[in-house]
Amino acid sequence: MLTIIALLLGLPGGVTPQRPPAPVKVVTSLTTYAAIAREIVGDRGQVNSIAVGDENPHYVQPKPSFVPLLAEADVFVTTGLDLELWVPALLDKAGNSKVTEGAPGYVAAYSGIQLLDPPRATRARRETFTSSETRISGRSRSTASKSHATSSRD
């Protein structure tokens with residue numbers, strides 16, 4: 001009886017030996033997040049960053065080679081708050097339901113941080129940011145002045 005329960009739960013002691021878990025595949029939007037993910041994942045997975053070096057996160061040029069990385073990812077780490085405006089298009093092309101916004105594998109780095117000056121417009125309202133200023137934890141991270149362009153369909 002204990003052997004059957006162990007087999008059902010995947011616990012040691014069953015008749016068949018356990019296989020090691022598959023390595024986790026993590027993709028990040030920025031190199032900073034990749035460095036943090038590598039420290040967490042260690043040798044239990046693989047971490048890739050879409051942006052390289054000190055590339056401006058607003059202006060990363062999406063490449064076709066990024067799509068397979070996201071299509072096979074278990075976890076995707078991004079800033080959120082529309083900092084990386086190129087992310088939604090790549091996620092759509094990848095078609096990986098594990099890492100779409102709202103899925104368990106989608107990690108928005110700003111989650112859990114109280115925003116002092118939250119953005120007033122979102123993609124959901126068909127407005128886009130050409131730039132933004134968001135204050136996090138008392139520090140101002142200014143990337144330019146905020147401007148909005150509203151779709152003519154509204």
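Quick note: the coordinates plus some simple rules give every number you see, no bench work behind them. Values in this document were obtained by computation on a predicted structure and should not be read as measured data. Ideal geometry is used to build each Cβ from the backbone, glycine not excepted, and the neighbour counts take in all protein chains shown.
A few notes on this one:
- Long-range HN-HN contacts of SER49 with modeled amide H, under 5 Å: THR28
- Note, ³J(HN,Hα) from phi for the stretch 18-34, Karplus 6.51, -1.76, 1.60, rounded to Hz, x at Gly and Pro: 6, 8, x, x, 5, x, 6, 10, 10, 10, 10, 6, 10, 5, 4, 5, 5
- Charged neighbours of SER97, selected by a Cβ distance under 13 Å, balance to -3 (K, R count +1; D, E count -1).
- In a fully extended conformation the segment linking ASN48 and ARG120 would gain 22.8 nm over its present Cα-Cα distance, using 0.36 nm per residue.
- Surrounding net charge for ASP74, when Lys and Arg each add one and Asp and Glu each subtract one, Cβ distance under 10 Å: +1
- Computed from backbone phi with θ = phi - 60° and the Karplus coefficients 6.51, -1.76 and 1.60, the 3J(HN,Hα) list for the stretch 89-104 is 5, 5, 5, 4, 5, 5, x, 9, 5, 6, 10, 6, 4, x, 7, x Hz; x is used for glycine and proline.
- Gained length - THR32 relative to ARG19, 0.36 nm times residue gap less alpha-carbon distance: 1.5 nm
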